[in-house]
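Notes for the one structure printed next.
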Amino acid sequence: MIILDAGAALALAHGHEALHRLADNVAHTPGDWLHLPALCLMKAEESEADVGSALMALPGLQVDPLGQAAAVTVGGMVRDGWGGADTCHALYVATPHLDTGGMSIILTGRASLYPPGFLTVDIDAPGMLGYH
């Protein structure tokens with residue numbers, strides 16, 4: 001599963017070329033999605049007006065809701081110092097669950113926000129997802 005954090009979502013909304021290529025590839029792959037945790041979408045919209053609308057217009061993007069179990073877990077993560085609500089929601093979505101299976105990739109502009117043990121890919125890294 002590929003997850004966009006708030007920074008990656010903002011970059012995608014601003015036309016980041018590699019992320020747009022990825023979004024296009026995902027949109028043309030049946031059953032595949034780019035996952036955007038709801039609190040990352042909220043943080044992106046908080047940062048800049050109409051970013052949420054731009055993102056929702058893209059095909060292949062799925063917003064992961066903040067349900068009851070997620071709200072309790074994410075709240076505890078924030079309280080315990082794992083990061084802001086958006087970062088913790090991305091971590092929650094990236095954690096393997098029964099319905100998602102194995103390791104997820106978090107696309108981010110700030111890998112330092114995430115603790116060891118989570119796979120992050122810098123959106124501006126050379127060769128990010130095969131794009132140079």
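Remark on residue 5: its backbone amide H falls under 5 Å from those of 107, a criterion applied only to residues 5 or more positions apart or on other chains, H modelled at 1.01 Å from N. Relative to the longest principal axis of the Cα atoms of the chain, the long axis of helix 38-47 lies at roughly 70 degrees. Using the Karplus relation 6.51 cos²θ - 1.76 cosθ + 1.60 with θ = phi - 60°, the per-residue 3J(HN,Hα) values for region 19-31 come to 5, 5, 5, 4, 4, 5, 4, 5, 4, 9, 10, x, x Hz, with x marking Gly and Pro.
On full extension of the chain, what length is gained from residue 97 through residue 48, given 0.36 nm per residue of separation minus the C-alpha to C-alpha distance?
Values: separation 49, 0.36 × 49 = 17.64 nm, distance 3.16 nm.
Result: 14.5 nm gained on full extension.
Heavy-atom accessible area for residue 21, with the other protein chains in place and a 1.4 Å probe, reaches approximately 130 Å².
Divide the volume of the convex hull around the Cα atoms of the chain by the residue count and you get 108 Å³ per residue. For region 3-132, the solvent-accessible area of protein heavy atoms averages 53 Å² per residue (probe radius 1.4 Å; ligands and nucleic acids excluded). Amide H contacts of residue 84 (H built 1.01 Å from N, in plane; Pro and chain starts excluded): no residue 5 or more places away or on another chain comes under 5 Å. Note on residue 47: accessible area approximately 80 square angstrom, rounded to 10, probe 1.4 Å, nucleic acids and ligands left out. Using Cα atoms only, what is the angle between the long axis of helix 68-79 and the major principal axis of the chain, expressed in degrees (0 to 90) to the nearest 10? Relative to the chain, helix 68-79 is tipped by roughly 80 degrees. A simple spin-label model places the labels of residue 28 and residue 125 2.5 nm from each other, with each point 7 Å out along Cα-to-Cβ. Ordering 10, 103, 40 by Cα displacement along the dipole of the chain toward the positive end leaves 103 in first place; charges were set at the Cβ atoms of Lys, Arg (+1) and Asp, Glu (-1). For the chain, what % of the accessible area comes from carbon and sulfur atoms, probe 1.4 Å? The value for the chain is 58 percent carbon and sulfur by accessible area.
The values are calculated or read from the model by the stated rules, or taken from the named source; none is laboratory data. Just so you know, these numbers come straight off a predicted model, no measurement behind them. Here Cβ is always computed from backbone atoms with ideal geometry, including for glycine, and neighbour counts include all displayed protein chains. All accessible areas refer to the heavy atoms of the entire protein, side chains included, with ligands and DNA or RNA removed. Shrake-Rupley method; radii C 1.70, N 1.55, O 1.52, S 1.80 Å.
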